[in-house]
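Novice: Please find one structure pasted underneath; my questions will follow.
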Amino acid sequence: MHKAWPELLKRMKAGKATTSSKDRQLVVSSRTWFCLYLFEHQCVMISSGK
């Protein structure tokens, strides 16, 4: 999942991003990874008391 964002960014910069099922899956995986990353960051901030 953590590799989805770099792959999607690479495809976007090359102008190859489409509405294909592969690109849709990259978008879903990227969004999921970023949400989980944010959630983990928030949990750490709460548990550390900041």
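Readers should treat all values here as calculations from the given coordinates under stated rules, not as data from a laboratory. Please read these numbers as outputs of a predicted model, since none were measured by experiment. Glycine also receives a Cβ, built like all others from the backbone with ideal geometry; neighbour counts cover every protein chain displayed.
Novice: Show that you can apply the helix-only estimate: for the chain, add -39,500 (n - 2.57) for every DSSP H stretch of four or more residues, divide by all residues, and state [θ] at 222 nm to the nearest 500.
Specialist: -25000 deg cm²/dmol
Novice: What's the extension gain from residue 9 to residue 33 if we count 0.36 nm per residue and subtract their Cα-Cα distance?
Specialist: Contour length minus Cα-Cα distance gives 7.2 nm.
Novice: Helix 21-47 versus the longest principal axis of the chain: what is the Cα-based angle in degrees, 0 to 90, to the nearest 10?
Specialist: Computed tilt is about 10 degrees.
Novice: Work out the length of the dipole vector of the chain about its Cα centre, built from +1 on the beta-carbon of each Lys and Arg and -1 on the beta-carbon of each Asp and Glu, and round it to the nearest 20 debye. Could the numbers behind the result be given before it?
Specialist: Details: 9 positive and 3 negative charges, 52 e Å.
The dipole of the chain has a size of about 260 debye.
Novice: Around residue 18, under 13 Å between beta carbons, what's the net of Lys plus Arg minus Asp minus Glu among the other residues?
Specialist: +3
Novice: Can you compute the modelled spin-label distance between residue 42 and residue 25, with each label point 7 Å from Cα toward Cβ, in nm?
Specialist: If labels sit at residue 42 and residue 25, their model points lie 2.9 nm apart.
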